[in-house]
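Asks: Here it is: the structure, laid out below.
The values are calculated or read from the model by the stated rules, or taken from the named source; none is laboratory data. Only a predicted model underlies this, so the values are computations on that prediction, with no experimental measurement involved. Backbone-built Cβ (ideal geometry, glycine too); neighbour counts: all protein chains shown.
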């Protein structure tokens, strides 16, 4: 049954139910037919015995019955006149055991067909019929013969078969019609299921533009609507993933170019200066000249250290490991404010932030870094409000400015915001961007407890 389709299972179940109903009906018909035959035979037997008893009582006082028939035989009960009693075979045997009279001495032609053998066996009337009734006939104390009354259900079986055969044909046609109707109805009902399966197969093979039609059935129409929304969302997600992949590749290349340029422009210049001063020291004939070159080398190497620290901070904010998230964010804000003294910064960062998972900490730091960079480049804001706090759902951060604002639905909002949102969603967080041109921007980020939180940052 596990390998059968739902459509085949329904056909099989309905067919079995119909067969069960037909069998129940057949058993009921057989039971009623058997009871009818027995009742008919028993009632006829009782009636015949009553009539024969009356005849015997009459013969005890009237000997006129000792008349010979036309064939020279003595007729006592005139049983040949009881030929219409079809459910009983009545025989009279004399005291020598010879058959003298019978109601079946004359062949009777019956209408209709004899019931088939299987029908007779199915009714099994013979197993419940009474044994033949025997009645001794004694006249003036002398035994003259025996009446034998044997039940004969042949005629009743023929009548029942005539009635049942037509009914069986009608029921058979009805059952066949029901099966055909059920087959067509189930096939029509399951046609949308095949379309749904076809649509799922298309999605499985990457055809995300696949859509289902609107079905007539309410439940299937709801499935169709949800499938189409799912396919649209999946198609949009795949498209966004492709775009973000291209953006990530672009950002990686830009970062590599910038890093290579910084290494060449700054570290390269420092190394060139060190090389020149070192060569001067080697060629110097006076100690004062060598000392000046050594001092220059020391100054250059100190500048190189600062430059390398800045480069490393861009690659990985080491301050997170040293200070924790709360102080690292505070220090980032202070450094930015030192470079933008005309902007009022309201810093609402909780001092007891729980230390989240490393990936969450880096993401929060990078988002704030990106937002401050965007504010300085594009917003022309006078006031910036930054809030970072613990909430029941997890870590919460909001950055708001009163600058120019922008249209969040615009496709050209830049790689930074798209990259930030992708990183937040990758950590099972939510990022919401609210902005209206001319009315500032508010970015809210909410991380759930999915991140691994440790002790409070110190």
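Asks: Quickly run through region 1-24 and pick out the residues that are at pLDDT 80 or above and surrounded by 14 or more Cβ atoms within 10 Å (Cβ to Cβ).
Replies: Hits for region 1-24 are 14, 15, 18, 22.
Asks: Mind checking whether some residue in region 313-325 is in the same structural domain as residue 424 (by TED's automatic domain parsing), in contact (Cβ under 8 Å) with a residue 24 or more places away in the chain and touching a strand residue (DSSP E or B) at 6+ places or on another chain (Cβ under 7 Å)?
Replies: No: zero hits.
Asks: Related question: Exactly one of (1) at pLDDT 75 or above; (2) not assigned by TED's automatic domain parsing to the domain that holds residue 123 is unmet by residue 46. Its number?
Replies: Failed condition: (2).
Asks: Right, another one. Cβ-Cβ under 9 Å, sequence separation 6+ or interchain: first residue in region 7-33 and assigned by TED's automatic domain parsing to the domain that holds residue 164 and within 12 Å of residue 175 (Cα to Cα), partner modelled with pLDDT of 80 or more and surrounded by fewer than 12 Cβ atoms within 10 Å (Cβ to Cβ). Which pairs?
Replies: 22/172
Asks: Still on this structure, please answer the following. With (1) surrounded by 11 or more Cβ atoms within 10 Å (Cβ to Cβ); (2) closer than 28 Å to residue 421 by Cα as the list, and residue 260 as the residue in question, which single condition is left unmet?
Replies: (1)
Asks: Select, from 348, 343, 289, the only residue that is in contact with a strand residue (DSSP E or B) (Cβ under 9 Å, 6 or more places away or on another chain) and surrounded by fewer than 16 Cβ atoms within 10 Å (Cβ to Cβ).
Replies: The match here is 348.
Asks: From the list 159, 131, which one is closer than 30 Å to residue 92 by Cβ and either touching a residue at least 12 places away in the same chain (Cβ under 8 Å) or touching a helix residue (DSSP H, G or I) at 6+ places or on another chain (Cβ under 8 Å) (or both)?
Replies: 159
Asks: Another one. Test each condition in (1) closer than 30 Å to residue 406 by Cβ; (2) buried (at least 17 other Cβ atoms within 10 Å of the Cβ); (3) under 48 Å from the mean Cα position of the chain (by Cα) for residue 366 and report the one that comes out false.
Replies: Status for residue 366: all satisfied but (2).
Asks: Write out, first by first residue and then by second, each pair whose Cβ atoms fall under 7 Å of each other, whose residues are 6+ apart or on separate chains, and whose first residue, in region 220-236, is farther than 13 Å from residue 202 by Cα while the second is loosely packed, with under 15 Cβ neighbours inside 10 Å.
Replies: Hits for this filter: 221/214; 224/213; 224/214.
Asks: Next question. With the requirement that a residue be in contact with a helix residue (DSSP H, G or I) (Cβ under 7 Å, 6 or more places away or on another chain) and exposed (fewer than 11 other Cβ atoms within 10 Å of the Cβ), what does region 214-241 give you?
Replies: Within region 214-241, 214 is the sole residue that qualifies.
Asks: Report yes if residue 263 is modelled with pLDDT under 75 and within 60 Å of the chain's Cα centre (by Cα), otherwise no.
Replies: yes
Asks: What strands (runs of 3 or more DSSP E) lie completely within region 73-143 and have 1 or more residues being surrounded by fewer than 13 Cβ atoms within 10 Å (Cβ to Cβ), modelled with pLDDT of 80 or more and assigned by TED's automatic domain parsing to the domain that holds residue 52?
Replies: Where strands (runs of 3 or more DSSP E) fall fully within region 73-143 and carry at least 1 residues being surrounded by fewer than 13 Cβ atoms within 10 Å (Cβ to Cβ), modelled with pLDDT of 80 or more and assigned by TED's automatic domain parsing to the domain that holds residue 52, they are 99-102, 133-139.
Asks: Quick one: how many residues across region 374-407 are within 43 Å of the chain's Cα centre (by Cα) and on the phi > 0 side of the Ramachandran plot?
Replies: Adding up the residues that qualify gives 1.
Asks: Could you list all residues from region 162-174 that are buried (at least 16 other Cβ atoms within 10 Å of the Cβ) and either over 55 Å from the mean Cα position of the chain (by Cα) or in contact (Cβ under 8 Å) with a residue 12 or more places away in the chain (or both)?
Replies: Hits for region 162-174 are 164, 171.
Asks: Go over the candidates 296, 278 one by one and state the one that is farther than 30 Å from residue 393 by Cβ, buried (at least 17 other Cβ atoms within 10 Å of the Cβ) and not assigned by TED's automatic domain parsing to the domain that holds residue 436.
Replies: Every option except 296 fails the conditions.
Asks: Those residues that are within 21 Å of residue 42 (Cβ to Cβ) and in contact (Cβ under 8 Å) with a residue 60 or more places away in the chain, I need them from region 136-153; list them, please.
Replies: Those that are within 21 Å of residue 42 (Cβ to Cβ) and in contact (Cβ under 8 Å) with a residue 60 or more places away in the chain: 147, 149, 150, 151, 152, 153.
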